[in-house]
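The values are calculated or read from the model by the stated rules, or taken from the named source; none is laboratory data. Just so it is clear, the structure is predicted and the values come from calculations on it, not from any experiment. Here the Cβ is made from the backbone with ideal geometry for all residues, glycine too, and neighbour counts use every protein chain on show. What goes into the accessible areas is simple: the full protein's heavy atoms, side chains included, and nothing from ligands, DNA or RNA. Shrake-Rupley method; radii C 1.70, N 1.55, O 1.52, S 1.80 Å.
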Amino acid sequence: MANFIPAVNQLVSSLALGGQIIVAVLLLAVVLRGKDNGSVEFVEKHAIKLIFAISLGAVLVSLFYSSVAGFDPCFLCWWQRIFMYSICVISGLAVFKKDDSILDYLITLALFGGLIALYHVYLEYGGVAIIPCSADAAASCTQRFIYEYNYITIPVMSLTGFAMIGTILGIKKANG
């Protein structure tokens with residue numbers, strides 16, 4: 001069963017790389033062309049659906065890694081999951097109810113989740129711990145289960161998800 005895990009790692013890492021490219025392209029589109037841009041208009045129109053899809057994907061990947069691949073989440077991973085899972089539930093309800101009034105809640109969750117992910121990436125790449133990783137966790141916060149493209153790890157994937165959600169929310173709030 002573990003034979004397909006490297007293929008999943010490659011696929012998910014490629015999706016993270018694609019997500020990073022999408023964030024860069026969207027930010028450039030906003031800066032260079034403003035609101036009069038097809039991609040910006042698409043993101044604005046479908047923001048909640050896109051956020052739900054991204055967060056659902058992140059939830060499923062995190063569950064795959066812990067339940068199927070057997071990667072124990074560390075203390076910081078649990079906190080990132082709390083924020084991403086909350087985004088998934090709230091955005092899913094918003095899609096179902098066709099309600100855009102939850103943007104401020106999603107922004108708050110994405111901001112805090114992204115900050116935790118950024119700190120986790122900092123630690124994983126050798127940063128000095130400001131807040132130590134809990135000794136009670138099954139895995140160390142600096143342990144790398146995945147290392148694709150010479151930089152993509154699980155915390156980098158998490159940070160990418162939060163950056164995508166934050167970018168979409170920024171576009172929606174600025175243009176909506």
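Residue count for the stretch 26-50, restricted to those that are open to solvent by 80 Å² or more (accessible area, probe 1.4 Å) and either in contact (Cβ under 8 Å) with a residue 60 or more places away in the chain or part of a helix (DSSP H, G or I) (or both): 10. Here the stretch 1-13 is the region considered, the condition is being within 20 Å of Gly161 (Cα to Cα) and in contact (Cβ under 8 Å) with a residue 12 or more places away in the chain, and the residue that is least open to solvent (accessible area, probe 1.4 Å) is Ser13. Phe71 satisfies every condition listed in (1) more than 17 Å from the chain's Cα centre (by Cα); (2) surrounded by fewer than 17 Cβ atoms within 10 Å (Cβ to Cβ); (3) among the aromatic types (Phe, Trp, Tyr) except (2). Residues in the stretch 103-134 that are over 23 Å from Asn150 (Cβ atoms) and aromatic (Phe, Trp, Tyr): Tyr105, Phe112.
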